[in-house]
Amino acid sequence: LATSDRGSFQASHSSGPSPWSQPSDPGKLITMNTLLNMLCDSICSTVQVPKLLSIKNQRLGILFRILQLGALGWVAYNTFAMRAWNYITVPLPSTFDLWLLVPDADRSGADVASSPHCADPSSYDYVYSDTWTYNYSRCVELPIGEAFDKFGQNVFVPTSYEDTYVWEARGAKDCADLEFECPNRGGDFSSLGTTCMCKLSERNFVANPGKVSLHFNHGYLVSFPGDFKVRGRDNSNSMVARSNRGDWKELDGKDGEMATVVLRPDGSRCAVGARSASGAKSLWTKTDSNEDGINGELGEWLACAGVTLDDDVPELRSGNAGEVGMPKLRMTGFERHFELSYHNSNDVNYDIERFGTVCYLTVSVSPSWNTATKVAYTKVPNPHSGAATYRARKAYGVSLAVQTKGSFARFDYNSLVNVIVNAVVLLALPGTIIQFIAVYGLGLLSKIYKRAQSEVMDIRSEFSGLAARMVSTVASFRTVRRSDEAGAEAEEEAEEAIDVERVREYLRAALAPEMASGVLSEQEFMVLSDTAIMDFDAKRSSKVDLASFLAASHSQESTSRKIWSTFSTSVAAGT
């Protein structure tokens, strides 16, 4: 084969043109077919396939192992610590039954009268601004109907209030009478046209709101893929069902029972329910909450939140000119938060082995000017005379906000497949990072690595290299054989073959360092050399001929003599 000046092949014995040859006449116009061939050669003639390249670089190796350990650690944590094979869903609130009880006279506490807000209400006075002052007259034990308000799941417990008593009249005679009586009532008289009114206002503290007892039961509902549902309640066993059949089934033992753990905002446990039959506790079981629910006095719930009614609330200060004093929770009111977080035994946040489900109840408080208003009429307005008598109350107090959250876990095949896929991708990431650094981030070294990694497989070049190596192999073979022959004349007449023992001698010389260091024993060498000689001497003639030697020398080539010959024949035939 001969190589043209354009790098294409042409059979030396063929008179036909090579399929790769270009027009020899430089003045001849390039045809459309030639132009398309050139365009296709530049765009479509290259296909990239992966190649494994082992780089000997200690720094890259150390970095590679560190990245591998990091990826392996993350995969292990995400898989086992987070139980990533589970499907995670968030529970929904199912039930929340709430009721309040007002303390009996003997439970209201004999020390209430000596408490600061009752003994010296004026010490709580707070000047909000030049035009608005919170000053308190006394503390009052409210009747049962006013000790709290409840609308569905919304409750309000007043801690202080402002009552405004109003007497209204219409007409000259009635207004004159009202104006005469108003000072005796301690009120302020005002009129507008034919209508007049007498107002009397006072601010008071509620005597003992901290003794109001709050009771509740709660429950959840969870839905998993495949119409599998679970519902549970703190005072009964959990139920499971598939919604397409609707056959709810009660779970027994550990799996069917739920525990409620009361927590402070910092995550530590907090005991409530000192006046309950079983005493104060932070962990409430089905037995504990079966009769009176999970319960505790307002003061206990506030203690779990880390506050008291007499705590200062600097964040609610007005900042107005003329402000004097500091508002307190008893004056402003606040919102109490119950955060119910449900977890089953498969979830990573589950940590109480005795129960199938655990609800962590975290208690917290958000201070605010929290008010509720109501009007109580002793004499409804008369449409003719305009006469009316009523009390308008603006109460400051405690409201309740309930939030449901959490996570339920259940084994899921799709999640398991995702875990495996994610693990494969993450474990392959260190190799991708190292490859990018090696090929693009190491300057001159990167050029070398990139050339080795991005080897261009050109069949023409491979054949040229194969030819050169074959020539070198033949020359080496004959040099070895020459030492076995008597002379140049005998060399030409003798068969082109080498005695197998001479091959063994050269192998012994090549492996001399390993044998000297003890890595390779004499017996092991004989086994190794016999194996190689068996491949060389396929005819078992105790001779190694040139064909066998060439085949063994180029066994790892990407091309071979047979492929080369077949390819050359195809080129010569124009196929």
Sorted by packing (mean other beta-carbon atoms within 10 Å per residue), highest first, where do 31-39, 276-284 land? 276-284, 31-39
Using a 1.4 angstrom probe on the protein heavy atoms only, line up R504, R264, R233 by accessible area, largest first. R264, R233, R504
With every protein chain present, what accessible area does Y506 have (1.4 Å probe, heavy atoms only), rounded to the nearest 10 Å²? 110
For the range 148-227 and the range 116-132, what is the separation of their Cα centres, given in Å? 19
Keeping all protein chains in position, work out how much accessible area K328 exposes to a 1.4 Å probe, and write it in Å² to the nearest 10. 40
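Which shape class, rounded, prolate or oblate, goes with the range 314-454 when its Cα gyration tensor gives a ≥ b ≥ c as root eigenvalues, a/c under 1.5 marks rounded, and past that a/b bigger than b/c marks prolate?
Numbers: a/c = 4.06, a/b = 2.41, b/c = 1.68.
Verdict is prolate for the range 314-454.
The values are calculated or read from the model by the stated rules, or taken from the named source; none is laboratory data. Just so you know, these numbers come straight off a predicted model, no measurement behind them. When we count neighbours, we look across all protein chains shown, and the Cβ atoms used for this are built from the backbone with ideal geometry, even at glycine. Keep in mind that these areas ignore ligands, DNA and RNA; they rest on the heavy atoms of the full protein, side chains included. Shrake-Rupley method; radii C 1.70, N 1.55, O 1.52, S 1.80 Å.
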